[in-house]
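Written out below as structure tokens is the structure these notes cover.
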Amino acid sequence: MVPENLLYTRDHEWARIDGDTATVGITDHAQEALGDITFIELPKISQSLAVHGFLGSVESSKAASDIYSPVAGSVTEINKVLTVQPDLINKDCYGAGWLCRVKLTDPDPSKNLLSPAQYQQFLESNA
Amino acid sequence: MKLIFERSIPGRQGVTMPERDVPTSINIKPELLRPAPAAMPELSELDVVRHYTALSRRNFGVDTNFYPLGSCTMKYNPKVTEKVAAFDGFAQLHPLLPQLRLGGSLTQGALQLLYETDLLLREITAMDAFTLQPLAGAHGELTGIMIIAAYHYDKGNKKTTILIPDSAHGTNPASAAIAGYKVVPVPSDKTTGDITPETLKPFINDEVAGLMLTCPNTLGLFNPHIKDITDMIHSVDGLMYYDGANLNGILGKARPGDFGFDIVHVNLHKTFATPHGSGGPGAGPVGVKSHLAQYLPISLVVKRDDGTYALEYDRPKSIGYIAPFYGNFGIIVRAYAYMRMLGREGMPAACENAVLNANYIKEKLKPYYDLPFDLVCKHECTFSAGRQMKTGIRAIDIAKALIDRAFHPPTVYFPLTVKEAMMIEPTETESKETIDSFIDAMIEIAQLATTNPEVLHTAPISTPVSRLDETLAAKSPNIASLTQLADP
Amino acid sequence: MPFIANTTDQRNEMLKEIGLTLDDLFADIPQELAAKPLNIPKGIGELQTDELLADLASKNSTHLTNFLGGGFYDHFIPAAVSALAGRSEFYTSYTPYQPEVSQGTLQAIYEYQSAICRLTDMEAANASLYDGGTALYEAMTMAIRITDREKIIIDDSVNPIYRVMIKSYTRNLHIHLDETGPDQGMANRNAIFDLLDNNTAAVIVQNPNFFGCIDDFTDLAAAVHAKGALLIVSCYPISLGILKTPGSMGADIVTGEGQSLGLPLSFGGPYLGFMATRMEYVRKMPGRIVGITKDTQNRRGFVLTLQAREQHIRREKATSNICSNESLCALRAIMYLSLLGKSGLAQTAHLCADKASYAWQRLTAIPGVTSHFKNNWFFNEFVLRLPAPAADVVAALIEKGFAAGFPLSRYYKDMDNCILIAVTEKRTREQIGMLAEALAGILK
């Protein structure tokens, strides 16, 4: 079961909304599919993101995947430790493996996102 | 084993230099010179020979044993083709010679060989004109897509997309993207493993510049709807591109030009037996129907009325220059020799034997491995390690276990449309005994997967190295042994 | 049938075992699409093939004394190169996707990558591209990826064959290509600086350039970097036996043609495109890359790495579509460099430069023959100005047994009387003397 305090996308990203800021990452399903992550390309500070726009990319030794932003806004913080410890995403994708924080431009980002139950169902129906 | 640099002994030299018969007069100002010689190894000739001989013995080639890599067509590379490619009359020829006045007459043998190769390929594929310039299959794909773009530009068509089956080789979407098109994947039908008119229909619109298709497809299956698919694409003035990687599955028995393809590329290093060379060089000649011939790259070999051969540069509608000269000539020589050796009967015979060998393997292994599409295949068959996954054995484990049994593994994890895919292409040059021993090994591995899966996880154990940590290599790449870099 | 082991009996046995006929195996091909017998000659045996190809080879001239260059050179290739690269474990193997059975290829390519870095003073090299021209094109698109800009400046002193290839590839793409005409045989600083701005992705130059002239691009690198752009240098590997390296000048991406590293001229291919760059750009570099790692027993081993950039993983988002490369040619190159070694490579470069210098002296001593670029240093190639159209003189010299050089009028305006002459360590004092005599004779 996926964490209850987050919202999700069909591309396996998660967002934690805290007022006018969101923290963004990729889900357990995504990190599992990629295998041991070897490299992460993060956005730049103050880069503006659109919903489903390109946020960055993640690589393992046998796969690579683009990451799409679940929310619209501008990047305020990036999780720099991932550049030396990309495997944090494998170990703790919902916690220490967060990718970036975004100042939201849309006050109601949840309308573009799936609830935990909806995402869980999406995973089960596509298994 | 040590690196060649680690064997270096200061003062050693391998070759003896040609004579210095002129005065030493380096008159280049010192600021333009490097402060110290490049740090190449210092070794005797024997040191170098022993090093690379030892390395060669850590390698596995077709000459070693069975190499059933699906979609690669690892057929035997005839030694006579190596011999003829090394003739001085080919190897010593400078490519700029025909660009000199009177130079054409000095290269008639080479030009004739290129011309005759062109004609042979036209007949084999039912196309009207060929360029031999593309230096690899993927290079041929890019050339073909550039021709598609030139065609549409010339007609004033606004086309933005190329359709590609989801089972396609990665070079297809990569080539289309590099040529500036948007790639639209077309799903395969779940029961046939290939695209059908039904799965294709929703994607047909006026934006479609063309469709890239491999036939037989990357599962080794011939698409019976090929003519209908061709008509659908042509109905929106799209062009049909044939990826010839699997030509060995229909060689001499059917021809892509007859199916309605407008552009084809062939892989000389697959179907036409030129060696894979540990990853290259290859060659990917591209053939077109007559309405596209004007877009072929510069230059082309033509035969004049007096019977002499010449290079044609005046091609106003051409896509331009895609290679420095006339193609990978040394590879074309090998392929030409092979094509002449096979000839009219040898090509369909090669195909028939390749297809028989693949179906024989398919039927014999069917009881032991999941076969996603139980259909008559062409030159290759695709299994899935689905059944073996129940005891934790994956395609990669089966591959490594084959290594311990002295076989090269088949292609694994491709195409992407089959989970834990194992694609087996024996080719026609393998004997029944070899194939039978491969089948026995595969059966043994299937049994071990149930009785003793652990032992498969440790494979291979008979090689100089065991399984390697690819994650470590990607995380902290060490890709060159460097000495101190010179100060600027 | 040639190369097919199974007898008719064995085939029938196999068909019987699987319960199919030969027709069954091809029943899925619709009748109307089945091919008629191919209208090509009947197959021929090995002896006849040998004779046929020998006959074709004999129709090509190998008797001319070769002074042709233009990026492709007649260098001495030690016999051990072909002996080693001709080992069938190397040449009949495939791309090393199964590393445990390909440590030979993988280690040799790692050594090749290392040698290219040491030669050019760069930090990261790939396992080969098709040739120097496509390598230069890939470097250009790599710079565009890195900087996210669209403008490219390329000087006309870069090999014209490469420039026309780049123009052909970029025709349909959103890339703005500016060409600067050379300035007295050297890369045109003024024109380049005029065009250089914050939209420039890269400046492309060559050393020695197509005219054989040697340059130092340190000043260019500084100016290019000040605008956040990259410097791409295409170079001639043998010249790096003695010349200042692109890496030490500040180049960001170095490419070139590796044919001179142990590959025969072979009428245009197979050749060898090499590419090297800085470690910070390695993930944007196209082509295969071999890296070091450890196996389960902690032993050193080699694998293909950073594959996430490549077409089989990234598909339409790959750094390049390249799949087959020039691996066997790269193997030949590292074998060549190992045989020549540190001293041998420097000595080869010295010999080339000395013999070229001697040839220049003998030829410019002929009345009417002058050096076209008087103030430039050259390595082993130079441009002479003749008192007659170079194309005619070259044709006349062919009849005297010399491939004397390349008439530049083919690619450059206002250079009708100019000829590009290359001299390698294979040319003897005697051959050079005979060329001078023949040229003097023709010009009288």
Residue-by-residue Karplus 3J(HN,Hα) for segment B:28-38, coefficients 6.51, -1.76, 1.60, Hz, glycine and proline x: 9, 5, x, 5, 8, 9, 7, x, 9, x, 4
Under 5 Å, built H, 5+ apart or other chain: amide partners of B:GLY386: B:ASP370
Cα-Cα P(r), segment C:109-248, percent of pairs per 5 Å interval: 2, 10, 20, 23, 23, 15, 6, 1, 0
Sorted by Cβ density within 10 Å, fewest first, the residues B:ASP314, C:ASP74: B:ASP314, C:ASP74
Cut-off under 5 Å, modelled amide H: who pairs with B:LEU239 long-range: B:GLY210, B:LEU211
Angstrom value of the Kirkwood radius, inverse mean 1/r, which spans all Cα pairs in segment B:344-488: 17.1 Å
Tilt relative to chain C, helix C:46-58 - C-alpha long axis, 0 to 90 degrees, to 10: 10 degrees
Euclidean distance between Cα centres, segment C:246-322 to segment B:333-366, Å: 34 Å
Cα-Cα P(r), the protein assembly as shown, percent of pairs per 10 Å interval: 2, 11, 20, 24, 22, 13, 6, 2, 0, 0
For segment C:79-335, size of Cβ-based charge dipole, Lys and Arg +1, Asp and Glu -1, in debye: 800 debye
Pairwise centroid distance, computed over Cα atoms, of segment B:103-158 with segment C:353-374, Å: 41 Å
Cα extents of chain C along the three principal axes, largest first (Å): 83, 53, 50
Residues C:ASP414, A:ASP87 arranged by fewest to most Cβ contacts within 10 Å: C:ASP414, A:ASP87
Among beta bridges that DSSP assigns inside segment C:79-335, antiparallel share in %, nearest 5: 40 percent
From phi via Karplus (6.51, -1.76, 1.60), per-residue ³J(HN,Hα) for segment B:81-86 in Hz, x at Gly/Pro: 5, 5, 4, 6, 5, 8
J(HN,Hα) series, segment C:113-125, from Karplus relation 6.51 cos²θ - 1.76 cosθ + 1.60, nearest Hz, glycine and proline x: 4, 4, 4, 4, 4, 5, 5, 9, 6, 10, 9, 8, 10
Restricting segment B:189-282 to trypsin sites (Lys or Arg not before Pro) in coil, as DSSP defines it, with at most 10 other Cβ within 10 Å: B:LYS190
Between 0 and 90°, nearest 10: helix C:132-147 axis offset from chain C longest Cα axis: 90 degrees
Gyration tensor (alpha-carbon) shape descriptor, segment C:195-274, a/c threshold 1.5: prolate
Charge tally in the Cβ shell below 13 Å around A:ASP36, where Lys, Arg are +1 and Asp, Glu are -1, A:ASP36 excluded: -2
Charge tally in the Cβ shell below 13 Å around C:PRO387, where Lys, Arg are +1 and Asp, Glu are -1, C:PRO387 excluded: 0
Around C:TYR162: net Lys/Arg minus Asp/Glu count, Cβ-Cβ under 14 Å: -4
Part-to-part distance (alpha-carbon centres) for segment C:1-21 and segment C:163-197, which is given in Å: 60 Å
Exposure proxy order (Cβ contacts within 10 Å, fewest to most) of B:TYR295, B:TYR413: B:TYR413, B:TYR295
Total charge dipole magnitude, segment B:329-380, about the Cα centre, Cβ charges on Lys, Arg, Asp, Glu only, Debye to nearest 20: 240 debye
5 Å binning of all Cα-Cα separations within segment C:1-91, expressed as whole percents from 0 upward: 2, 8, 8, 9, 14, 14, 9, 10, 8, 7, 6, 4, 1
Helix C:327-364 axis, angle to chain C major axis (alpha carbon atoms, nearest 10°): 20 degrees
Under 5 Å, built H, 5+ apart or other chain: amide partners of B:VAL62: C:THR92, C:SER93
Under 16 Å from the Cα of C:LYS444 - lysines, other chains or at least 8 residues apart: C:LYS400
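Here, each number is a calculation from the coordinates, and none is a lab measurement. As the structure is a computational prediction, the values presented were derived from the model and not from experiment. Positions of Cβ are backbone-derived with ideal geometry, glycine not excepted, and every protein chain shown enters the neighbour counts.
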